[in-house]
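No value in this document is a laboratory result; all are computed from the given coordinates. Keep in mind it's a predicted model, so treat the numbers as computed, not measured. Ideal geometry is used to build each Cβ from the backbone, glycine not excepted, and the neighbour counts take in all protein chains shown.
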Amino acid sequence: MTQDSEIDTLVRKRIRSLRLAKGWSLDDLAARCYLSPSTLSRIETGHRRISLDQLSPIARALGATLDQLVESATDEDVVIRPHRDETRGVTSWLLSRDAGPHGTTVAKMRLTKPAPPRDTEPLRVHPGKDWFTVLSGTVELLLGERNIRVEAGEAAEFSTMVPHAFGAIGGPAEILCILDHDGQRTHLHP
């Protein structure tokens, strides 16, 4: 089976599944996307090629985007693999594959090392804001001249134009964080 035919089959299945999930008959969907029920039936069963001028109104009627109808269905889209940076003592899982509103990214991080001492490594600055909540352990947030302890169940939000760094205190800590584009580049990449 070629990649084009696999995508074609996947799109047909998604159209039918979305229609059935909404409890719609072919007539119901046809009325919403201005195609005939017989055309929709032939599209769903593979007896008619799907053209872009048909796919767009079908997607809109189903409340889906074209991207959602044609996106890959491989296991790589499901399993999120960790990225380990042993030098910094950070393991991260990028939970949002696509940037969210305003370019934000959601990530889980496991911190195993303390925040770097101020006298050995300069604290980082970048435009935007960072937000994190501590899932387990304790995190030390170095923010300007302040050292702030953030315990499990607590959260922190701060302007990233203030020099900052963070690390674990007394053992590993796990955080869930929301980062803008600059925050992602600074905190998730060595």
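If the cut-off is a Cα-Cα distance under 30 Å, which lysines reach Lys129, setting aside same-chain residues fewer than 8 apart in sequence?
Lys108, Lys113
Which of Thr112, Leu26, Pro163 sits closest to the plus end of the dipole of the chain, meaning its Cα is farthest towards the positive end, when Lys and Arg get +1 and Asp and Glu get -1 on the C-beta?
Result: Leu26, furthest along the dipole toward the positive end.
Could you please rank Met161, Met109, placing first whichever residue has the fewest other Cβ atoms within 10 Å of its Cβ?
Ascending Cβ contact count within 10 Å gives the list Met161, Met109.
Treat every Asp and Glu Cβ in the chain as -1 and every Lys and Arg Cβ as +1, leave all other atoms uncharged, and give the resulting dipole magnitude about the Cα centre to the nearest 20 debye.
520
Fewest first, what order do Arg49, Arg42 take by the number of other Cβ atoms within 10 Å? Before the final figure, lay out the partial values.
Numbers: Arg49 9, Arg42 14.
Lowest count first: Arg49, Arg42.
Loop sites only, by DSSP: take the GluC sites (Glu not before Pro) in the chain that have at most 16 other C-beta atoms within 10 Å and name the longest stretch containing none of them. Mind showing how you got there, number by number?
Numbers: sites that count: Glu71, Glu86, Glu145, Glu154.
Value returned for the longest uninterrupted segment is 1-70.
Just want to confirm a number: the relative contact order over the chain, from Cα pairs under 8 angstrom separated by 6+ residues, in percent. Intermediate results must be reported in sequence, preceding the final value.
Numbers: 312 pairs, mean separation 34.2, N = 190.
This gives 18 percent for the chain.
Of Ser92, Ser38, Ser51, how do they rank once you tally other Cβ atoms within 10 Å and put the fewest first?
By the 10 Å Cβ count, ascending: Ser51, Ser38, Ser92.
I'm spelling it out carefully: the read-out is semi-axes √(5λ) of the Cα gyration tensor in Å, the candidates are [x] 23, 20, 18; [y] 48, 16, 14; [z] 25, 20, 18, and one was derived from this structure. Which label?
The listed entry that was calculated here is [y].
Quick check: from the Cα gyration tensor, does the stretch 111-153 come out rounded (a/c under 1.5), prolate or oblate? Display every interim value, and only then the final one.
Working: a/c = 2.01, a/b = 1.33, b/c = 1.52.
Judged from the Cα gyration tensor, the stretch 111-153 comes out oblate (a/c at least 1.5, b/c at or above a/b).
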